[in-house]
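Shown next, in structure tokens, is the structure this report addresses.
The values are calculated or read from the model by the stated rules, or taken from the named source; none is laboratory data. Because the structure is predicted, anything quoted here is derived from the model rather than measured. Cβ placement follows ideal geometry from the backbone for every residue including glycine, while neighbour counts extend to all protein chains displayed.
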Amino acid sequence: MHRWEALQQECQNCTRCGLCQTRTNVVFGVGNPKADIMFIGEGPGEQEDLKGEPFVGPAGKLLDDMMSIIDLDRTKVYIANIVKCRPPRNRDPQQEEQEACVDYLYRQIGLVQPKLIVCLGRIAATRLIRPDFRITREHGTWSQINGIPHTAIYHPSALLRDVSKRPETFDDLLSIREKMKQLGICANEKT
Ligand code: SF4
């Protein structure tokens, strides 16, 4: 079996942490598994759990709008989360749940081989960039992790709650576009 499909199937059957007991669907990811860019959020919400797809509903619509500013869409990126099952009542995923699940994400990253990773919000940034990453102060900055440039921007849900953060996020998106240019990433699918 293809390694991507095998990983997806393993994840679909996962019972490694307690979130398996309350999920409707495992939310593996969406987009182009050959993309040069990955967007990583924290975990599925209610609508994502019901549909089995990350970033649907208002936050997903805003993410689509944000990506379109830099000529990206879901056919040109891969979108996943730190945990693949919904934390009840949309609470933050606990450390032990993240630790149980993040290996799936690392394996996804290993197969996609992105040239650039964008963390969406604090949870993804503290897990993938640095445990003490401060999203309010450090969004839009760049770190090289395992040879891959990483940045973090506000989570779309945070931007829905607080529109005053949107101008900063616009600047961060322009920084991502600039980094794409530096890395020779055009907003097209890998062939
Ligand atoms: S959150 Fe991750 S580790 Fe926990 S049951 Fe779901 S897929 Fe498995």
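General observations
- Residues satisfying the stated conditions in the stretch 35-47, i.e. of a type in the set (Asp, Glu) and crowded, with 24+ Cβ neighbours inside 10 Å: Glu42
- Taking the criterion of being in a helix (DSSP H, G or I), closer than 25 Å to Arg16 by Cα and free of Cβ contacts under 8 Å to residues at least 24 places away in the same chain, the residues of the stretch 87-142 that qualify are Arg89, Gln95, Glu99, Asp103, Tyr106, Gly110, Thr126.
- The single residue among Lys84, Lys76, Lys34, Lys61 that is under 16 Å from the mean Cα position of the chain (by Cα), away from the ligand (no atom under 16 Å from the Cβ) and over 19 Å from Ile185 (Cβ atoms) turns out to be Lys61.
- Scanning the stretch 114-156 for residues that are among the aliphatic types (A, V, I, L, M) and out of contact with any strand residue (DSSP E or B) (no Cβ under 7 Å at 6 or more places or on another chain) turns up Ile123, Ile145.
- In this structure, Val27 does satisfy being free of Cβ contacts under 8 Å to residues at least 60 places away in the same chain and within 10 Å of the ligand (Cβ to nearest atom).
- When Gln95, Gln113, Gln108 are screened for being among the polar types (S, T, N, Q), within 16 Å of the ligand (Cβ to nearest atom) and more than 21 Å from Ala158 (Cβ to Cβ), only Gln108 passes.
- Residues being more than 9 Å from the ligand (Cβ to nearest atom), under 23 Å from Met180 (Cα atoms) and among the acidic types (Asp, Glu) are entirely absent from the stretch 5-24.
- Top-ranked residue of the stretch 48-64 - restricted to ones that are in a helix (DSSP H, G or I) and hydrophobic (A, V, I, L, M, F, W, C), ranked as surrounded by the fewest Cβ atoms within 10 Å (Cβ to Cβ): Leu50
- Meets criteria (within 16 Å of the ligand (Cβ to nearest atom) and aliphatic (A, V, I, L, M)) for Leu50: yes
- Residue match in the stretch 30-47 (condition: assigned to a helix (DSSP H, G or I), modelled with pLDDT of 95 or more, under 21 Å from Asp92 (Cα atoms) and touching a strand residue (DSSP E or B) at 6+ places or on another chain (Cβ under 9 Å)): no
- Condition met for Ile123 (within 20 Å of Glu99 (Cα to Cα), surrounded by fewer than 17 Cβ atoms within 10 Å (Cβ to Cβ) and hydrophobic (A, V, I, L, M, F, W, C)): no
- Residue match in the stretch 89-102 (condition: crowded, with 21+ Cβ neighbours inside 10 Å and under 21 Å from Glu168 (Cα atoms)): no
- The set of residues in the stretch 46-58 that are within 12 Å of the chain's Cα centre (by Cα) and without any contact (Cβ under 8 Å) to a residue 12 or more places away in the chain is empty.
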